Structure formats: C-alpha cells, structure tokens
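No value in this document is a laboratory result; all are computed from the given coordinates. All figures in this text were calculated on a predicted structure; none of them were measured in a lab. Because the Cβ atoms are built from the backbone with ideal geometry, glycine has one as well, and the counts that use them run over all protein chains shown.
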Amino acid sequence: MKEEPESKKNKRPRGAILVFILALFTIYGGINCYIFLKAVNAFALGAPFSVFLALIMLLMIGAPIIVRFLEGYGHESPACLLAIAGYSWLGVVFLVFSLSLAVDIYHLFVTAAGMLLQRDLSSIVPEDRVTLASSFLIACIGMVYGYFRAMLIDKETLHITSPKIPRDIGTLTIVQISDIHLGLIVREKRLARILRRVTDAAPDILISTGDLVDGQIDKLSGLAEPFQTIKPRYGKFAIMGNHEYFAGITPALEFTEKAGFRILRGEAFTISSLINIAGIDDPAGEYYGRRKQIKEEDLLANLPAHLFTLLLKHEPDVTRESLGLFDLQLSGHTHKGQIFPFNLITRIRFPYISGYYPLEKSSCLYVSRGSGTWGPPVRIFAPPEVTVIRLTRGE
C-alpha cells in the first residue's frame, strides 16, 4: 500500500478532467441554446428581450466558474448567492428541457401518424408557447417541491444477519452518511438535520462513504465541530469521494480528520475482533496522482475471513475478483439521479443506482441516495437518506 512518488504525480495526465468539463459545459450550453431558440420562436421575442435572455443564460452557464473565482478572492457572500441562483437555474433548465423534449417527441409521433393516415392531426399537438410556458411552470413547482423535500432526511433501515457476527454482541448498528456536499449551499442547518438522524440511530459505528465536502469551497469553518459530538462506541470511518479531490484533497483530509473520522485510503482495519472495515480511494484520485495504489482483492484477502467484512467504496462499482471476500459493500455517489428524470441517465452508467443488491458468493451491496445535494439544492423523487444497518447473528 503506497502512494505514488511526487515525480510521477506531476506526470499524471489531467486531460481527461478537462475533456469531461468541456463536455459537461457543451451539453449544458446546448440545452440552454435549445430552450433559448424555443422561447424566441414561441413568444416572438424582439431583439432587446432576446439579447437580455441570452446574457442571463450565459451568466448562468458560467456561474460555476465565476463562483470559483469569487470564492478564490474571498468574496464568499456573492459566491454563495450566485451558486444558489446558478444551480437552481440548472435544475429549472433541466426540467424544462426534459418536458419540452418529451412534447417534441410526441409531436414527431403525431406528425408521422398523420402522414401514415393522411390526416391533419395538428389539433392534438399543443402550441409551442403553451408547451414552453407549461413546462416552465411545472419546473418551478417541481423546484419548490424539491427544495423542501431535500430538507426532509429519510431514515432507511437495513437488517442483515450473518454467522460472522459474534454471538455475544447482540445487534451491531452501523450508520452510513454519504454525499453531504458541505460547501456554499449545504451548511449548518442542513447538516444539523442530517446529524439529528444519525444521533437518533445511536450508531456503534459511523461511516461516511465520500463527498463529505464539495468542490466549491475551501472555507468549512464551524462545520467539523458538530461531527465531534457524535462518538460511536467503535469509532467513525470515512473514505474519499471525487469531490474531496475537486475541493482539494489536503484540506478535505484535514476537515474529515477534524470531524473525528479515521480515513481509509486503500487501507483496512479490524475492530476488536468484531468486524473488518476496508476503504478504497475514489478513482478521481488517479487523475491527481494522489490515489493509493493497491488491488482491492489483495486488501480484502489479508483480513480475518471469519469476521464480517465491510467494504467502503464511493462509486457503486463491484469488482468481480472481490466477490466473496467482503460481506457488505457500502457506496453512494449516484444520488439516485437527485432530480427525476435524471435518474434514467444515471442508471446507464450505474446499474446499481440505489438500495440493496444481493451479489454473488454471499456478498451484497447497498447504495445510498446520499444525505445532501450537489448542484441544485433540490431532490425530486430521490429523497435524501441516512442509512441504518443493523447486523445480527444468524444464517
């Protein structure tokens, strides 16, 4: 288990990150352009209104970058306001685009049906201005609903029996938090709601499966202290997610340690001959040359096989060579899409999108929907959660 030398870190290609960012902004810009053209045509906007709308959209598209610059120069308040506006716009635009696209597809089917039947079916297709106005209204209602739904933290309870749990322990309670994204938007109030759920569960072990902090902010003063009041019997353990690297791995590590977590980066730990806990670094660390290089299956194979083994991985990817070497993998990252219908897209990349999945060789996986929000501070049909896992002895 070793970290790559500094000389190799500097040679790491970061082109993949740049390509990803450019692709992301190209797609986001294309969606805004689609809605802009729809609005101009549907409402016959004149030049002044068209220019004004275009400028607003350009500002919202560039908001994430502008936020980083504002924050870097110490302008945290305007950065926070622009982040809320920019990411809320992202949510609205995505919903409007989804609804408008659905109507466009419906329009194509009606047109094709009309050609086949040689009939004019245009009367059953709504006008563009009606479609766009309705889509925007539904999107705004959805955002309001999603904002308040994101404030309500669900408790998901998972009961697992295993002959590897010591007979005299009774029930071992593990609480998982994931993807809180502490930063400019998720602050003290949201964190207090999450930790209230954690405290109510009275965990023996507290687990954070990554993205505890967000990539937008370096100043997290006052947000580590609430974690310090939670003192599980067997400790707190955390792994790094992709956003810890985006935020800066060094301050992210410092914050997580200050919050009282033992960080597992390609490391494993056996608690009092009771349970094994292994943690794997997020793949994002490879692009920064900061990921500890170790084969997951080698890490797990060296653990006491008679004990229940918990594997922590931020992304819900299952390594086939590790099956049978762990009993339960805890992951997050997906947010279950966070905003419907984005979950349909997320599922393409992550078939294990949320919930419990039995795997081969007696291994299983649980994927958290996440406890906070990234980007738009909303949750639509993908509520946030704190997961309570109760382990008891049994077959």
* To do: On a 0 to 90° scale, report how tilted helix 76-117 is relative to the longest principal axis of the chain, with both axes built from alpha carbons and the result rounded to the nearest 10.
  => 60
* Asked: Residue separation times 0.36 nm, minus the C-alpha to C-alpha distance between residue 302 and residue 188: what's the value?
  -> 37.0 nm
* Gained length - residue 33 relative to residue 273, 0.36 nm times residue gap less alpha-carbon distance -> 80.5 nm
* For residue 364, which sequence-distant residues (separation of 5 or more, or a different chain) have an amide H within less than 5 Å of its own amide H, given hydrogens modelled in the peptide plane? -> 328, 329, 359
* Asked: R0 = 51 Å: FRET efficiency of residue 250 with residue 168, Cβ-based, nearest 0.05?
  -> 0.75
* MRE, 222 nm, helices only [DSSP H, n ≥ 4, -39500 (n - 2.57), over the chain, to nearest 500] -> -14500 deg cm²/dmol
* Asked: Once both axes come from the Cα atoms, what is the angle between helix 188-201 and the longest principal axis of the chain, in degrees from 0 to 90, rounded to 10?
  -> 40
* In nm, to one decimal, how far is the residue 151 label point from the residue 230 one, both placed 7 Å along Cα→Cβ? -> 2.1
* To do: Between residue 257 and residue 124, take the C-beta separation as r, use R0 = 51 Å, and let me know the FRET efficiency to the nearest 0.05.
  => 0.25
* Structure fact -> Per the 1/(1 + (r/R0)^6) rule, R0 = 30 Å and r from the Cβ atoms of residue 109 and residue 20, FRET efficiency to 0.05 is 0.30
* Asked: So what are the stretch 154-393's ellipsoid semi-axes, whole angstrom, largest first, if each one is the square root of 5 times an eigenvalue of the alpha-carbon gyration tensor?
  -> 25, 20, 19
* Asked: Quick one: length gained pulling residue 381 to residue 44 fully straight, 0.36 nm per residue minus the C-alpha distance?
  -> 117.8 nm
* **Inter-part distance where the stretch 317-378 and the stretch 185-252 are each reduced to a Cα centre, Å** => 19
* To do: Quickly work out the residue 144-to-residue 81 label distance, labels modelled 7 Å from Cα along the C-beta direction, and quote it in nm with one decimal.
  => 2.3
* Asked: Cβ under 14 Å from residue 304's Cβ, residue 304 left aside: what net charge do those residues give with Lys, Arg +1 and Asp, Glu -1?
  -> 0
* To do: For the stretch 154-393, please report how many Lys pairs fall under 22 Å Cα to Cα, leaving out neighbours fewer than 8 apart on the same chain.
  => 24
* Helix axis angle, 63-72 relative to the chain longest principal axis, alpha carbon, degrees -> 50
